[in-house]
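K.L.:
This is the structure I have questions about; it appears just below.
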Amino acid sequence: MLNLPRILTVLLSCLLLQSTYAQQSTYCNPVNVDYGYCPIPNFTEWGKHRATADPVIVNYKGDFYLFSTNQWGYWWSPDLSQWHFVSRKFLKPWHKVYDELCAPAVWVMGDTMMVFGSTYSSNFPIWMSTDPKGNQWKEAVDSFQAGGWDPAFFQDDDGRLYQYNGSSNRYPVYGGEVDRKTLQLKGARKELYLLEDERYGWQRFGEYMDNTFLDPFIEGAWMTKHHGKYYLQYGAPGTEFSGYADGVVVADDPLGPFTPQAHNPFSFKPGGFARGAGHGSTFQDNKGNWWHVSTMVISVKNSFERRIGFWPAGFDKDDVLYCNTAFGDYPHYLNRGSNTNSFEADSRSFTGWMLLNYNKPVTVSSTLGGYLPNNAVDENIKTYWSAATGNKGEWLQSDLGELSTVHAVQINYADQDAPFLGKQTDIYHQYLLYYSSDGKKWQVLVDKSNNHTDVPHDYVALPHPVKARYIKLVNVHMPGGKFAISGLRVFGKGNGPTPDSVKSFMVLRTEKDKRSAWIKWQPVDNAYAYNIYFGIAPDKLYNCIMVHNANDYFFKGMDKELPYYYSIEAINENGVSVRTAPIKI
């Protein structure tokens with residue numbers, strides 16, 4: 001006999017659980033949106049893969065709109081957590097079939113959102129909308145005749161409009177005023193800023209900042225005004241590398257002259273699971289807090305295989321622009337209060353939930369070739385485990401090593417034998433997550449067996465933490481290809497002590513090239529990683545490098561003309577150590 005009250009109670013519990021997951025108060029990079037697949041056949045010879053970059057987020061009428069490269073549309077969100085895709089093609093029919101908005105410019109003029117894409121031609125329109133959520137667009141002008149690659153538009157407080165553009169390893173970022181009535185440049189563009197990699201080490205091209213292969217690129221302009229100053233932001237030195245970053249130059253006028261900010265790069269994330277923080281935009285939420293969104297790097301199946309991340313940002317008491325990427329791919333709170341505008345306050349947006357399964361034992365249902373199981377827990381988005389198939393029932397089990405308190409799980413899918421090119425709007429993932437204290441008796445942790453959305457970097461913060469030693473991910477449905485995971489990341493707290501403080505921390509600055517240093521420290525036995533903080537003053541250690549499984553690091557990113565300050569902390573499943581006192585070099 002059916003127990004109707006019991007059935008109703010279960011159904012209500014499931015609905016409440018789904019609602020809790022849908023309205024999460026925390027987030028974890030990379031951003032979990034339905035990234036399109038690379039549309040360019042020549043770029044997919046090593047495997048079809050998801051790809052986007054060059055993100056812009058603007059706050060329009062209280063909602064957030066996210067545009068990025070080659071997505072055949074854009075996303076909107078009321079809370080920076082749940083993103084809704086709007087399908088839209090902005091290019092004219094005569095463009096190549098796989099072309100779409102590349103490195104778009106998005107800005108708000110009055111009550112109107114404006115969009116323009118990268119182009120070297122004079123036949124690309126500027127689009128306008130007062131209802132972007134409803135996908136209602138029309139051409140403001142049928143072409144912006146000056147064109148411009150990696151463009152950005154900025155409307156000043158006095159109503160004057162400016163355009164910035166440039167993407168080159170030979171030419172600078174340019175800027176010019178735009179006529180508000182005709183939406184065309186008023187005159188010739190001005191040269192604004194060219195990279196100075198002979199002084200600023202972080203501007204050097206290559207994974208190791210040594211100008212291997214090419215000279216560095218400057219690209220991705222963005223303008224922010226604060227306290228009467230103009231902060232022209234730019235990406236460098238190359239989107240393919242962990243050190244991809246955003247720098248900033250400052251002026252009293254929107255067209256300069258500009259002077260590099262001493263704290264540079266201001267957006268920088270060369271370590272951790274997902275790396276890179278370049279070519280982005282800076283925006284404010286509805287409480288006045290600043291955020292910075294930018295490009296994260298994968299660069300495995302193609303150099304331009306990339307994702308999106310965003311971080312707390314702001315201006316300190318001295319009007320220095322910063323971006324806080326410490327623990328930048330761990331869970332953070334979305335609600336930072338009202339207009340925090342403090343690096344220390346923004347640091348408190350980190351939940352304190354630690355990674356519980358770094359390099360811990362893994363068992364799997366099957367393995368494809370050299371895509372080994374522990375690649376799923378090595379904190380490297382470039383490596384991944386793949387099952388032999390994409391069939392229902394393939395599984396991955398992670399041993400946390402001890403009974404721990406689990407608060408959240410992030411599932412990062414990898415594109416192994418994916419069949420897609422371009423944007424897909426009807427694909428989805430389904431899975432079950434289980435937890436156990438002994439590896440024998442299992443309970444459901446997350447049930448997404450009826451999910452019908454595309455969740456390539458699915459992040460679930462649990463409504464209530466659970467005690468577990470084992471986490472098991474079971475495939476129910478893949479959109480295509482093999483069941484492959486670049487990161488099954490379990491967050492929470494262990495039961496042991498926090499790590500000991502680091503001893504014998506030293507920074508050996510290169511004698512002949514003050515841009516570079518060899519950083520060394522005595523390893524901490526109960527730590528799995530370290531955060532190296534550095535900056536231009538002991539109270540402005542705004543940049544952070546996370547280092548795993550090592551006790552040294554070669555850093556080549558300094559301004560050769562400035563002294564620097566460094567500090568370090570150790571990390572384990574239970575928390576972080578006390579930081580060392582800043583040392584000056």
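K.L.:
Being surrounded by 21 or more Cβ atoms within 10 Å (Cβ to Cβ) and without any contact (Cβ under 8 Å) to a residue 60 or more places away in the chain is the filter here; which residues of the stretch 128-155 pass it?
P.N.:
PHE144, GLY148, PHE153
K.L.:
Would you confirm, using the coordinates I've provided, whether PHE491 is in a strand (DSSP E or B) and touching a His at 6+ places or on another chain (Cβ under 8 Å)?
P.N.:
Against the criterion (in a strand (DSSP E or B) and touching a His at 6+ places or on another chain (Cβ under 8 Å)), PHE491 qualifies.
K.L.:
Is it the case that some residue within the stretch 129-141 is β-branched (Val, Ile, Thr) and either in contact with a Ser or Thr (Cβ under 6 Å, 6 or more places away or on another chain) or closer than 20 Å to ASN59 by Cα (or both)?
P.N.:
Taking every residue of the stretch 129-141 in turn, at least one turns out to be β-branched (Val, Ile, Thr) and either in contact with a Ser or Thr (Cβ under 6 Å, 6 or more places away or on another chain) or closer than 20 Å to ASN59 by Cα (or both).
K.L.:
Just checking, how many residues over the stretch 493-513 are closer than 8 Å to ASN574 by Cβ and over 29 Å from the mean Cα position of the chain (by Cα)?
P.N.:
3
K.L.:
The conditions are (1) surrounded by fewer than 16 Cβ atoms within 10 Å (Cβ to Cβ); (2) of a type in the set (Ser, Thr, Tyr); (3) over 24 Å from the mean Cα position of the chain (by Cα), and SER365 fails exactly one of them. Which is it?
P.N.:
Of everything listed in (1) surrounded by fewer than 16 Cβ atoms within 10 Å (Cβ to Cβ); (2) of a type in the set (Ser, Thr, Tyr); (3) over 24 Å from the mean Cα position of the chain (by Cα), SER365 misses just condition (1).
K.L.:
Check whether at least one residue in the stretch 268-276 is free of Cβ contacts under 8 Å to residues at least 40 places away in the same chain and touching a strand residue (DSSP E or B) at 6+ places or on another chain (Cβ under 7 Å), and report yes or no. Reasoning before the result, please.
P.N.:
Residues of the stretch 268-276 that are free of Cβ contacts under 8 Å to residues at least 40 places away in the same chain, as a first pass: 276.
Right, trim to touching a strand residue (DSSP E or B) at 6+ places or on another chain (Cβ under 7 Å) and you get 276.
Yes, because at least one residue in the stretch 268-276 is free of Cβ contacts under 8 Å to residues at least 40 places away in the same chain and touching a strand residue (DSSP E or B) at 6+ places or on another chain (Cβ under 7 Å).
K.L.:
Sticking with this one: In the stretch 518-572, what residues are farther than 27 Å from GLN261 by Cα, touching a Gly at 6+ places or on another chain (Cβ under 9 Å) and part of a loop (DSSP other than H, G, I, E, B)?
P.N.:
ASN526, the sole residue that qualifies.
K.L.:
Which numbered condition trips up GLY238, out of (1) in contact with a strand residue (DSSP E or B) (Cβ under 8 Å, 6 or more places away or on another chain); (2) crowded, with 20+ Cβ neighbours inside 10 Å?
P.N.:
(1)
K.L.:
List every residue pair whose Cβ atoms lie under 6 Å apart, where the two residues are 6 or more positions apart in sequence or sit on different chains, the first residue falls within the stretch 210-224 and is modelled with pLDDT of 95 or more, and the second residue, located anywhere, is acidic (Asp, Glu).
P.N.:
These pairs meet every condition: PRO216/ASP197; GLU219/ASP150; GLY220/ASP150.
Per-residue answers, yes or no, for (1) crowded, with 17+ Cβ neighbours inside 10 Å; (2) among the hydroxyl-bearing types (Ser, Thr, Tyr):
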| site | (1), (2) |
| --- | --- |
| TRP395 | yes, no |
| LEU403 | no, no |
| ILE411 | yes, no |
| TYR435 | yes, yes |
| ASP438 | no, no |
| SER449 | no, yes |
| PRO456 | yes, no |
| VAL476 | yes, no |
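K.L.:
For ALA468, which of the numbered conditions (1) crowded, with 21+ Cβ neighbours inside 10 Å; (2) under 30 Å from GLU100 (Cβ atoms) fails to hold?
P.N.:
(2)
K.L.:
Taking PHE327 as the residue in question, decide whether it is modelled with pLDDT under 95 and under 30 Å from PRO497 (Cα atoms). Outline the logic, then answer.
P.N.:
Details: modelled with pLDDT under 95: no; under 30 Å from PRO497 (Cα atoms): yes.
So PHE327 fails the test.
K.L.:
Quick one: count up the residues across the stretch 344-356 that are crowded, with 23+ Cβ neighbours inside 10 Å and outside any loop (DSSP other than H, G, I, E, B).
P.N.:
3
K.L.:
Which one of ASN375, ASN380 is modelled with pLDDT of 95 or more, surrounded by fewer than 23 Cβ atoms within 10 Å (Cβ to Cβ) and not in a loop (DSSP other than H, G, I, E, B)?
P.N.:
ASN375
K.L.:
Then there's this: So, ILE545, is that one under 20 Å from SER267 (Cβ atoms), in contact (Cβ under 8 Å) with a residue 40 or more places away in the chain and in contact with a His (Cβ under 6 Å, 6 or more places away or on another chain) or not?
P.N.:
Working: under 20 Å from SER267 (Cβ atoms): yes; in contact (Cβ under 8 Å) with a residue 40 or more places away in the chain: yes; in contact with a His (Cβ under 6 Å, 6 or more places away or on another chain): no.
When the stated conditions are applied, ILE545 does not pass them.
K.L.:
What about ALA570, is it within 25 Å of the chain's Cα centre (by Cα), closer than 30 Å to GLY401 by Cβ, crowded, with 17+ Cβ neighbours inside 10 Å and among the hydrophobic types (A, V, I, L, M, F, W, C)?
P.N.:
Taking the combined requirement at face value, the residue satisfies it.
K.L.:
Kindly provide the set of residues from the stretch 191-229 that are of a type in the set (Gly, Ala, Ser) and either within 14 Å of PHE555 (Cα to Cα) or not assigned by TED's automatic domain parsing to the domain that holds PHE241 (or both), ordered by number.
P.N.:
Within the stretch 191-229, GLY201, GLY206 qualify.
K.L.:
Which residue out of LYS138, LYS133, LYS190 is at pLDDT 95 or above and farther than 26 Å from LEU91 by Cα?
P.N.:
None of the others qualify; the one that does is LYS190.
K.L.:
Give the stretch 317-338 a look and list any residue that's farther than 23 Å from TRP83 by Cα and touching a Ser or Thr at 6+ places or on another chain (Cβ under 7 Å), or say none.
P.N.:
Restricting attention to the stretch 317-338, the residues satisfying the condition of being farther than 23 Å from TRP83 by Cα are 317-322, 326.
Residue satisfying the conditions is ALA326 alone.
K.L.:
Residues of the stretch 401-421 being within 26 Å of the chain's Cα centre (by Cα) and either outside the structural domain of VAL377 (by TED's automatic domain parsing) or within 20 Å of LYS440 (Cβ to Cβ) (or both), which ones? Even if it seems obvious, please write down each step before you answer.
P.N.:
Of the stretch 401-421, the ones within 26 Å of the chain's Cα centre (by Cα) are 406-421.
Across the stretch 401-421, the qualifying residue is only VAL406.
The values are calculated or read from the model by the stated rules, or taken from the named source; none is laboratory data. Given the structure is predicted, the values throughout are model-derived calculations rather than measurements. All Cβ positions, glycine included, derive from the backbone under ideal geometry; neighbour counts span all protein chains shown.
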